[in-house]
Amino acid sequence: MVVFYSIDEALNRIRFPEESKLTIIRGLEKFCGFIAFLAETQIKTQNKPITLCFDGYLGVKWNQIIPALQETLEKRNLNLSIIDFSICYKPPSEIESIIRPYLEKDPNFGFVFKGRINNFLDFKNIEILKEKIKIHRKNCSAVICYGPGSSIPYLRKIYDKIFYFDITRERIFNDLENNPVPLGWREKIAFKEFVRRFYYVDSQVLDGHKKYILNFMDYYVESNNPSELKILPRKVYFEMLSKLAEYPFAIKPLYYPVTWGGNYLKRIKKLPESMVNSGQGFIVPVDNSVRITVDNIELEIPFLNLLWAEPKKILGDYVFRKFKGHFPIVYWYDDSIEGWHMAIQVHANRTYMKKHFNEPFSQDESYYIVFTGPGAKTYLGLKDDTNIENLRRDAQKAEKEHIPFDHEKYINSIPTKPGDYFLIPNGTVHASGRNQVVLEINGEICSYGPGYTFHIYDYLKPDLDGTLRPIHIEHSFSVLKVSRRAKWVMKNLKQQPRLIRLTNNGAEYLLGSYKNMYYEVHRIEIEASSHMDDDTKGKFHGLTLVDGEKVIVSSKKDPEKKYELNFLDTIIVPAYIGEYEIINLGSKTAKIVKALVK
């Protein structure tokens with residue numbers, strides 16, 4: 001699952017104290033020199049070897065970091081003992097027995113694991129490791145224990161310093177596609193199965209441990225590129241995230257090709273030409289990262305780290321309490337220009353999500369139409385005369401016997417134009433049709449990053465790997481709300497914009513709001529070379545420039561805290577900012593879609 005990104009997109013430039021910048025160490029060579037310096041200093045001042053912990057996430061390239069460190073210390077006549085913490089994991093067969101119930105019920109999804117990293121560890125081996133560290137201290141200048149989990153509470157206090165090596169999920173998925181070895185495993189498994197296990201089990205364990213140890217580490221190590229490590233003292237790491245949470249900021253979108261995809265986004269976002277197509281882009285809190293630039297220093301850190309560090313600054317008190325610290329909105333870009341229709345699909349309610357997947361919230365969606373070509377349309381709801389039994393029969397035949405059917409006979413479709421907005425509460429059958437670009441703004445909090453899209457019919461169109469994509473008949477018809485038909489849809493889900501406020505320079509409209517959806521979407525329209533003010537009023541805003549050339553969003557309290565949006569850029573305005581200004585730098589009206597929790 002190779003994902004792509006634009007090198008020009010989502011750069012967050014922040015002001016940072018000079019004294020803090022000076023503490024950041026950059027590069028593998030300087031990192032190795034720093035470790036040697038720590039060892040030499042401790043020997044000189046305390047007359048004892050240093051014991052270090054290199055904890056980190058799955059996918060860190062220890063095989064490039066550790067040999068470089070050994071070479072540096074050897075050149076400085078420092079004896080180094082390296083201990084791989086993986087010896088402390090239970091045998092794969094035991095881990096398999098623990099996680100099997102969470103993965104075996106459904107071949108396409110899973111049940112979110114709520115255990116901890118301790119469930120995977122053999123504490124007899126941990127005792128052996130403690131003794132080994134004591135023995136090695138007698139003969140070495142430095143002892144380093146490395147690997148995910150190596151700073152568990154039971155071991156934390158035996159170390160002189162703890163370093164946490166972190167990488168983004170983008171890096172994990174791209175790097176491990178050819179070597180998909182799960183946590184605690186020694187052998188590769190099929191990549192699709194690795195991804196499923198990662199979301200439902202490994203990431204739950206790793207994130208729980210990381211959230212804990214970030215508060216106790218001495219140094220944070222951004223490890224996306226082993227040769228370009230960035231090492232921050234803990235205080236500086238949290239200072240940087242605190243600063244970013246006071247700015248309008250962008251989460252880095254990721255893009256990948258799909259069987260129905262077009263190439264509009266590839267052109268607009270300047271994505272690599274090597275992409276087969278640019279069918280989907282996503283900003284999913286559990287998967288994406290933030291790029292932080294301080295002068296000539298650039299770091300890329302998982303967005304979850306930022307959210308954990310400053311949840312109330314970002315979300316606001318009300319949203320923080322309502323969603324227990326989770327970020328509740330997800331963005332997708334859907335590009336089917338000269339492509340094909342999405343699969344006919346449906347999403348689940350909260351009760352179903354909890355019962356079947358151990359996910360705590362429902363999944364609701366909405367489509368904002370950005371651009372259309374000839375024949376563009378959106379599928380939404382059933383036709384008024386649809387016979388559900390016949391639809392299910394034909395969908396099952398398509399899945400089992402590969403017999404196509406006319407989905408238009410059953411599914412309501414609506415011709416689309418730029419600026420249209422459709423609400424898609426859970427249980428509503430829907431799909432984006434061919435030849436349009438859609439901004440999805442979804443109410444979704446899932447451990448499973450891709451979300452729960454239950455396919456009813458996919459036109460028997462092969463996926464990019466030549467196989468047919470999964471169909472989910474049982475899930476789909478279990479959550480499908482059969483009363484949501486054409487007349488009801490046009491009355492409730494295709495609403496007319498309602499004027500909220502009018503200023504000398506523009507206007508703001510409510511595009512849609514539905515009683516069972518916890519968020520709503522507005523559109524702000526600002527005349528050329530003009531500006532409008534807004535206020536978070538204690539709740540974060542998500543802004544996307546859907547029409548126009550360029551706008552700047554800046555804090556009214558501190559105008560230097562700003563972000564410049566180009567067409568189709570999406571940013572988060574933290575609740576902390578309060579009053580802010582949107583300045584239209586373009587020569588025509590700018591239209592900004594705003595999402596917020598009700």
Output the number of residues of the stretch 285-310 satisfying the condition of being in a helix (DSSP H, G or I) and farther than 25 Å from Leu439 by Cα.
3
For the stretch 272-284, how many residues are surrounded by 21 or more Cβ atoms within 10 Å (Cβ to Cβ) and part of a loop (DSSP other than H, G, I, E, B)?
4
Could you please tell me which pairs satisfy a Cβ distance under 8 Å, a separation of 6+ or placement on different chains, a first residue in the stretch 71-91 that is farther than 24 Å from Ala39 by Cα, and a second residue that is among the aromatic types (Phe, Trp, Tyr) and not in a loop (DSSP other than H, G, I, E, B)?
Tyr89/Phe120; Lys90/Phe120
Test each condition in (1) surrounded by fewer than 23 Cβ atoms within 10 Å (Cβ to Cβ); (2) in contact (Cβ under 8 Å) with a residue 40 or more places away in the chain for Leu265 and report the one that comes out false.
(1)
Residue ranges of strands (runs of 3 or more DSSP E) in the stretch 136-227 with at least 1 members among the acidic types (Asp, Glu) and either under 24 Å from the mean Cα position of the chain (by Cα) or closer than 28 Å to Leu38 by Cβ (or both)
161-166, 219-222
Which residue pairs have Cβ atoms closer than 7 Å, lie 6 or more positions apart in sequence or on different chains, and pair a first residue in the stretch 363-375 that is farther than 30 Å from Phe323 by Cα with a second residue that is surrounded by fewer than 24 Cβ atoms within 10 Å (Cβ to Cβ) and among the aliphatic types (A, V, I, L, M)?
Gly373/Ile337
I'd like to check something: does the stretch 302-325 contain any residue that is under 30 Å from Ile167 (Cβ atoms), at pLDDT below 95 and surrounded by fewer than 22 Cβ atoms within 10 Å (Cβ to Cβ)?
no
Could you tell me whether any residue of the stretch 214-232 is at pLDDT 95 or above, out of contact with any strand residue (DSSP E or B) (no Cβ under 7 Å at 6 or more places or on another chain), under 30 Å from Ser93 (Cβ atoms) and surrounded by fewer than 22 Cβ atoms within 10 Å (Cβ to Cβ)?
no
Count of residues meeting criterion [hydroxyl-bearing (Ser, Thr, Tyr) and not in a loop (DSSP other than H, G, I, E, B)] in the stretch 1-45:
3
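If I filter the stretch 244-254 for residues that are assigned to a helix (DSSP H, G or I) and assigned by TED's automatic domain parsing to the domain that holds Asn305, do I get at least one hit? First the steps, then the outcome.
In the first step, residues of the stretch 244-254 are kept if they are assigned to a helix (DSSP H, G or I); the result is 244.
Subsequent filtering for residues that are assigned by TED's automatic domain parsing to the domain that holds Asn305 retains 244.
Yes, the conditions are met somewhere in the stretch 244-254.
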For the stretch 476-493, which residues satisfy the criterion of being part of a loop (DSSP other than H, G, I, E, B), crowded, with 17+ Cβ neighbours inside 10 Å and within 30 Å of the chain's Cα centre (by Cα)?
Leu480, Leu493
Given the criterion surrounded by fewer than 23 Cβ atoms within 10 Å (Cβ to Cβ), among the acidic types (Asp, Glu) and either outside the structural domain of Ala507 (by TED's automatic domain parsing) or in a strand (DSSP E or B) (or both), identify the matching residue among Asp558, Asp533.
Asp533
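The values are calculated or read from the model by the stated rules, or taken from the named source; none is laboratory data. As the structure is a prediction and not an experimental result, all values here were calculated from the model. Here the Cβ is made from the backbone with ideal geometry for all residues, glycine too, and neighbour counts use every protein chain on show.
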